[in-house]
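Heads up: the structure comes next, in structure tokens.
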């Protein structure tokens with residue numbers, strides 16, 4: 001890997017933003033840092049999945065939240081949990097890893113389902129279809145209370161993941177007054193990122209990866225060369241959705257409870273902001289984008305406190321999202337390739 | 001069922017007006033405007049600001065003396081405000097993007113960013129509280145076989161009149177013809193001496209005014225909230241798609257149909273106890289239409305794949 005100017009700037013920015021956390025927080029900066037790194041890991045993973053769709057294959061997917069949701073719901077419903085208004089307890093369940101595997105596969109299959117419209121539809125229509133399908137998913141999950149717990153959500157599932165937490169890890173983390181279960185989720189999400197990146201690196205350098213990029217650049221040419229462009233698109237949808245499903249599981253474990261309100265379209269837009277910031281089409285871009293993004297997000301409450309005398313939760317959220325919207329707009333207008341993307345690899349226009 | 005039909009017509013007329021606006025804008029500028037919902041909310045919020053008594057006002061608005069203007073005046077101000085806002089969006093944001101030849105996918109993402117940005121400015125400055133216009137409560141009455149309040153009935157009639165006016169405008173006036181010409185082919189239109197920049201500006205203004213009107217309708221029937229536009233945006237897309245993207249008359253019918261589908265689906269047997277999922281029905285219809293008849297009911301065949 002050649003250390004180009006882009007990389008230097010990105011790494012410096014990332015270090016600077018982590019440094020900012022220490023400067024701006026006098027009390028317990030480490031705790032805040034690990035909190036936001038956990039979120040950064042989870043959202044970064046989701047953004048890597050989205051990048052397979054948009055960056056690599058040029059599929060305009062605005063239903064990413066639903067892939068995360070499918071992964072999370074399927075996995076949690078298969079392991080011991082409590083759900084619904086009465087907190088109905090399900091004690092038996094599959095082993096965690098098997099449930100996780102089924103969850104990821106389900107997210108992939110949902111990706112296949114959502115990918116079917118992509119066969120026929122041009123980019124902007126695909127955006128509308130995917131966002132609508134994600135909303136249908138969310139409305140159904142909220143409505144099918146007997147299965148999914150509806151608005152009351154799912155709780156008491158954390159042990160399945162936390163049981164693998166080694167004792168020495170707990171001792172080590174507690175020494176710094178951190179929350180062991182959260183750091184554990186964060187650590188696992190970052191390990192997953194490395195794992196996924198290694199696989200993706202191999203895949204994108206393979207003939208298959210080149211064929212995906214070719215679909216983005218010129219679908220007709222791919223067809224003319226005898227490749228099955230439709231199947232390539234569907235494979236891309238499945239791969240990215242599976243990664244998003246894994247991220248969704250981590251998100252649920254980080255919150256400790258699963259709510260339908262987590263999977264609103266805004267979740268998708270968060271992931272989009274991270275992907276654009278990190279660099280569309282760049283494999284490792286979302287990692288850096290995610291860290292910088294979460295530093296910005298987690299430090300906005302100070303900004304909000306400057307604007308409002310006694311900012312309440314709603315105003316904090318408001319300031320955050322104003323920034324997210326602004327970030328998406330400004331990046332898309334002035335630097336659509338983000339930190340690490342390549343401008344010539346962007347799909348910004350469809351006929 | 002009949003009750004739901006009345007509700008459906010009301011929701012339909014809101015979606016219809018908003019869909020026509022969205023469809024006009026898409027037809028002329030080829031922009032899929034995700035910020036459309038925010039212009040809808042703007043109409044309602046500005047109207048509330050001018051008509052509301054001080055106690056229903058909010059945050060920074062509390063620092064102003066009560067305006068308490070008459071409702072109709074406030075509504076007109078609200079609509080004009082939306083028009084100005086839409087015009088400014090075109091002049092300050094979208095025209096420069098068009099001149100810089102920014103791709104349509106990039107513009108779509110920009111409208112999404114814009115939507116999040118504006119919506120949360122509303123949350124900050126108009127609060128997340130659900131509010132109502134300062135209008136008296138009315139008793140429901142029977143019109144033909146629908147039951148609704150006289151005010152909602154007036155909304156229905158006003159909406160229908162607006163539709164007819166738009167239809168006449170597009171068909172018979174020079175401006176309407178020019179808009180349709182730019183929609184069909186921007187290049188041919190400019191060759192025949194139509195200034196497409198000013199047509200696009202006019203489209204932004206009129207589309208935003210219509211959106212503002214739809215917002216006021218929605219707020220009369222339901223309430224004012226900061227995300228009211230985003231909540232209804234997908235239904236508006238559904239209406240536009242169902243009628244045929246870029247066709248104004250299609251959008252009118254499509255919007256009405258979607259509104260009726262949504263409300264009537266509540267009364268279907270398998271939907272019993274699942275009223276929350278009613279929007280899912282409309283969205284599913286939209287997806288199916290896009291897959292199997294992408295040109296909608298009234299659209300002409302066009303390449304969208």
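The values are calculated or read from the model by the stated rules, or taken from the named source; none is laboratory data. All figures in this text were calculated on a predicted structure; none of them were measured in a lab. Here the Cβ is made from the backbone with ideal geometry for all residues, glycine too, and neighbour counts use every protein chain on show.
Among the residues making up segment B:231-282, none is part of a helix (DSSP H, G or I), at pLDDT below 85, closer than 23 Å to residue B:24 by Cα and facing chain A (nearest Cβ under 10 Å).
Of the residues in segment A:222-229, none is surrounded by fewer than 19 Cβ atoms within 10 Å (Cβ to Cβ), touching a residue at least 12 places away in the same chain (Cβ under 8 Å), within 14 Å of chain B (Cβ to nearest Cβ) and within 24 Å of residue A:116 (Cβ to Cβ). Every test in (1) touching a helix residue (DSSP H, G or I) at 6+ places or on another chain (Cβ under 6 Å); (2) assigned to a helix (DSSP H, G or I); (3) more than 10 Å from every other protein chain (Cβ to nearest Cβ) is passed by residue A:138 save one, and that test is (3).
Determine whether residue A:131 is within 13 Å of another protein chain (Cβ to nearest Cβ), at pLDDT 90 or above and surrounded by 23 or more Cβ atoms within 10 Å (Cβ to Cβ). Show your work before the answer.
Values: within 13 Å of another protein chain (Cβ to nearest Cβ): yes; at pLDDT 90 or above: yes; surrounded by 23 or more Cβ atoms within 10 Å (Cβ to Cβ): yes.
Yes.
Close Cβ contacts (under 6 Å, 6 or more residues apart or on different chains) running from residues in segment A:31-44 that are under 12 Å from residue A:17 (Cβ atoms) to residues that are at pLDDT 90 or above comprise A:36/A:294; A:37/A:186; A:40/A:290; A:40/A:291; A:40/A:294.
Only helices (runs of 4 or more DSSP H) wholly contained in segment B:51-169 count here; list those with 1 or more residues that are at pLDDT below 80 and closer than 30 Å to residue A:276 by Cβ. Don't jump to the end; show me each part of the working.
Numbers: elements: B:71-89, B:95-99, B:104-126.
Here the list reads B:104-126.
One line per residue, one yes/no per condition, for (1) under 17 Å from residue A:39 (Cβ atoms); (2) out of contact with any strand residue (DSSP E or B) (no Cβ under 7 Å at 6 or more places or on another chain):
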residue: A:154; (1), (2): no, no
residue: A:157; (1), (2): no, no
residue: A:162; (1), (2): no, yes
residue: A:189; (1), (2): yes, yes
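The residues of segment B:173-210 that are buried (at least 17 other Cβ atoms within 10 Å of the Cβ) and outside any helix (DSSP H, G or I) amount to a single one, B:194. In this structure, residue A:111 does satisfy being within 17 Å of the chain's Cα centre (by Cα), more than 9 Å from every other protein chain (Cβ to nearest Cβ), within 19 Å of residue A:232 (Cα to Cα) and part of a helix (DSSP H, G or I). Report those helices (runs of 4 or more DSSP H) wholly inside segment A:249-351 carrying at least 1 residues which are free of Cβ contacts under 8 Å to residues at least 12 places away in the same chain and closer than 30 Å to residue A:157 by Cβ. So the answer is A:313-334. Checking the structure you have, find out if any residue of segment A:65-76 is more than 11 Å from the chain's Cα centre (by Cα) and part of a loop (DSSP other than H, G, I, E, B). No, that holds for no residue. Scanning segment A:58-91 for residues that are surrounded by 24 or more Cβ atoms within 10 Å (Cβ to Cβ) and either under 21 Å from residue A:194 (Cα atoms) or in contact with a strand residue (DSSP E or B) (Cβ under 8 Å, 6 or more places away or on another chain) (or both) gives A:64, A:67, A:68, A:71, A:72, A:73, A:76, A:81, A:83.
For residue B:153, the conditions (1) within 14 Å of chain A (Cβ to nearest Cβ); (2) without any contact (Cβ under 8 Å) to a residue 24 or more places away in the chain all hold with the exception of (1).
Step by step: first the residues of segment B:90-110, then only those that are in contact (Cβ under 8 Å) with a residue 24 or more places away in the chain and buried (at least 21 other Cβ atoms within 10 Å of the Cβ), then the one that is nearest to the other protein chains (Cβ to nearest Cβ). Which residue is that? By that ranking, first place goes to B:108.
Does any residue of segment A:199-210 turn out to be within 17 Å of residue A:108 (Cβ to Cβ) and surrounded by 20 or more Cβ atoms within 10 Å (Cβ to Cβ)? Looking for residues that are within 17 Å of residue A:108 (Cβ to Cβ) and surrounded by 20 or more Cβ atoms within 10 Å (Cβ to Cβ), one finds at least one in segment A:199-210, hence yes.
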